[in-house]
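Visitor: One structure, pasted below without further comment.
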Amino acid sequence: MKGEDLTETPIGVLVSGSGTNLQALLDADRQHLLGGGTIKVVVSNRPKAQAIERAGRANVPAVVINHKKFPDRESFDREMIRVLEEHGVSLVVLAGFMRLLTPMFLSRFPGRIVNIHPALLPSFPGVDGQGQAVSHGVRISGCTVHFVNAGVDAGPVIAQAAVPHLPDEGREPLQQRILAQEHRLFPEVIRWICEGRVWLDGDRVRYRNLQAAEGALVSPPLDFDSR
Ligand code: GRF
């Protein structure tokens, strides 16, 4: 896996909610923009998640595994592993999936689970990253794609997009602008992984053939930004 070119990467996406990130991934898949990655199955722990309809519209199998019907986290995770294996999944993508994964699940897909979080980690992990950013009055927040480990939003960071938070701006517009960046960032990072240009080496993220970002985002913007 590490750094190799893979011809095809079967992807399983875990969801719990509206699935706008799933939609961005499905759209990228349809346009063959996932670098050989293909979404084979969508798993939702919530029976009414809007994400299930999105999968259906894209003709991708969607499986509901209701966590409430399992006595403990292990048995729930075991069923998820069974379904993911049934679809040959080798890369697990968490797109708004609101459950913690057990060490058993993590060890089944080592270095092959990624998550997106709506804040610049390690700032504001856990629920409502956008609301936490607003409460703290930070002027720049954003989103992070990271490999998943046993901590909460604590795994090695792969890529981040910074989004300005305007003074006096509420949570909702910030959330929307962060979400728009999530939809750009997530499919691209999945493509890098499927192309073998990003991989996890121990607890370090390795990269190959990626460009270096330039410039700086200043918020509020400077009056004399050309200096
Ligand atoms: C996103 O903000 C994502 O960063 C977080 O959960 C939200 C999911 O939104 N993990 P959606 O279901 O993709 O619309």
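Visitor: Using r as the Cβ-Cβ distance of Ala162 and Val83, and R0 as 25 Å, what FRET efficiency do you calculate, to the nearest 0.05?
Guide: 0.10
Visitor: Also, I was wondering about something else. First check a/c for the range 1-114, with a ≥ b ≥ c the square roots of the eigenvalues of its C-alpha gyration tensor; if it is under 1.5, answer rounded, and if not, answer prolate when a/b is larger than b/c or oblate otherwise.
Guide: It comes out oblate by the Cα gyration axes.
Visitor: Can you pull a Stokes-Einstein diffusion coefficient for the chain at 4 °C (1.567 mPa s), Rh from Kirkwood over Cα pairs, as a whole number of µm²/s?
Guide: For these conditions, the coefficient is 71 µm²/s.
Visitor: Still on this model: Running a GNM on the chain with Cα contacts under 10 Å, which residue among Ala24, Ala95, Ala216 ends up with the highest mean-square fluctuation?
Guide: Ala216
Visitor: Another question, then. Put +1 on the Cβ of every Lys and Arg and -1 on every Asp and Glu Cβ in the range 1-147; which of His146, Ser135, Phe124 then has its Cα farthest towards the positive end of the dipole?
Guide: So the residue furthest toward the plus end is Ser135.
Visitor: Shifting gears a bit: Would you mind calculating the gained length between Ser18 and His32 on full extension (0.36 nm times residue separation, minus the Cα-Cα distance), in nm to one decimal?
Guide: Once the chain is fully extended between Ser18 and His32, it gains 2.7 nm.
Visitor: Between the range 99-142 and the range 144-197, how many Å separate their Cα centres?
Guide: A separation of 9 Å, based on Cα centres.
Visitor: Points 7 angstrom from Cα along the Cβ direction at Glu172 and Thr7: gap in nanometres?
Guide: Distance between the two pseudo-spin positions: 5.1 nm.
Visitor: Let me ask something additional. Does anyone have the angle between helix 171-194 and the longest principal axis of the chain? Alpha-carbon axes, 0 to 90°, nearest 10?
Guide: Result, in degrees: 60.
Visitor: Using mean Cβ contacts within 10 Å as the protection proxy, how do 145-154, 68-77, 99-108 order, highest first?
Guide: So the order, starting with the most tightly packed, is 145-154, 99-108, 68-77.
Visitor: Which of the aspartates and glutamates could be linked to Lys69 by a straight reach, that is with a Cα gap under 20 Å, when you skip same-chain ones fewer than 8 residues away?
Guide: Within reach: Asp77, Glu79.
Visitor: Students often forget the sequence filter, so: which aspartates and glutamates lie under 12 Å Cα-Cα from Lys40 once same-chain residues fewer than 8 apart are removed?
Guide: Correct list for Lys40: Glu8, Asp29, Glu85, Glu86.
Visitor: Another question about this same structure. Could you work out the mean projected area of the convex hull around the alpha carbons of the range 79-182, in square nanometres to one decimal?
Guide: Approximately 6.6 nm², given one-decimal rounding.
Visitor: Quick one: what are the phi-derived ³J(HN,Hα) couplings along the range 9-24, Karplus 6.51/-1.76/1.60 with θ = phi - 60°, whole Hz, x for glycine and proline?
Guide: These are the phi-based 3J(HN,Hα) values: 10, x, 10, x, 10, 9, 9, 9, x, 5, x, 5, 5, 4, 4, 4 Hz.
Bear in mind that the values in this text are calculations on the coordinates, not laboratory data. What you see is a predicted model; the values in this text were computed from it and never measured. Cβ sites come from the backbone with ideal geometry, for glycine too, and all protein chains shown count toward neighbours.
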